[in-house]
Amino acid sequence: MSDEEVMDLFDRAVATVPPALLPAPHAAIRRRVRHRRMAGWGAATAVVLVIIAGFAVARPDPASVSPQPAASKEPAVAAGVPWLGARIDRAGTRITVYAAPRLGECVERDSTHDDLVVTDDKVTMSLDGAYTGCADDTQVTARTFELPQAVGTRLLADGRSPWGQPFVFSDADLPDLAAGGWSERSPLWVGSGDATLTLRFTRAGGPDLRVLAVRWQPEPDGRVETPDHTLEVNGHRIDVYDRAGSLAASWWSSNTEAVHFTLEVSGTAVGKSEFDALLRGMTWR
């Protein structure tokens, strides 16, 4: 091997060595190459390998460098509280959204910073506020948004959480209880941390009613369980259940969100025929 070949081998071997580490050993190697006959080819080559090995040790171990977390691919979440369900009035211009319940917590609201964005294909609503500890977490926190025009087929979305669509139902899915003299009271969640919404209605002379609304995947035939009997009222199929003397009527929402409704008489015992007459006497549109 010629002098030029040895120097070329050396220069290529140290090409990636930082300049600050290069001058002293680089010069020393070159001197050794010039005196190769005195030290021998093997010694010069060994020095090259030693210098290269030393640089490899001096370089930071890639494993010792703290890895940087990968950029999150999840969508950003805005400040505020998520809403779980939305209720559209019969005109389609008022949408009430219900803040999602949490076990042992209530929502402290700041409605001045709520947000509503209406586009051609979507209505995005955001609730401001925070969760705080409380004694009664069955209390419902809601906000009604007024739209400049009927919602129509627009998608309803939570501006705080872009994952999925909360359950949505319309007053048109319910009997018109106001027409029957009932007035609505503040809703409640069924139980602590339960996501079943309870709509409550009262009227002079009774009976008081409650309607439970929950998103639920129905059985293939559209029923939760086999009913005691079924009523057809103005084109609506209503399943009636008699659970040990406790009567309940159930039906499904008309949209694809599969919201299940259960109507019960609250605080008063009624018989089957009386319960059926009550259901038939309601205004179903």
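Quick rundown of the values:
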| quantity | calculated |
| --- | --- |
| Accessible surface, segment 116-187, averaged per residue in Å² (probe 1.4 Å) | 48 Å² |
| Sequence ranges 149-159, 111-121, 228-238, ranked by mean other-Cβ count within 10 angstrom, highest first | 149-159, 228-238, 111-121 |
| Segment 128-285 - percent of accessible surface contributed by carbon and sulfur, probe 1.4 Å | 47 percent |
| Cα pair distances of segment 98-179 binned at 5 Å [whole percent] | 3, 12, 20, 21, 20, 14, 9, 2, 0 |
| Point-to-point label distance, residue 234-residue 94, nm (Cα→Cβ direction, 7 Å offset) | 1.9 nm |
| Using a Förster distance of 35 Å, the FRET efficiency for residue 226-residue 184 (Cβ separation, nearest 0.05) | 0.65 |
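The values are calculated or read from the model by the stated rules, or taken from the named source; none is laboratory data. Quick caveat, the model's predicted, so the values are computed rather than measured. So basically every Cβ, Gly included, is an ideal-geometry build from the backbone, and we count neighbours across all protein chains shown. Quick note on the areas: whole protein, heavy atoms, side chains included, nothing else; ligands and nucleic acids left out. Shrake-Rupley method; radii C 1.70, N 1.55, O 1.52, S 1.80 Å.
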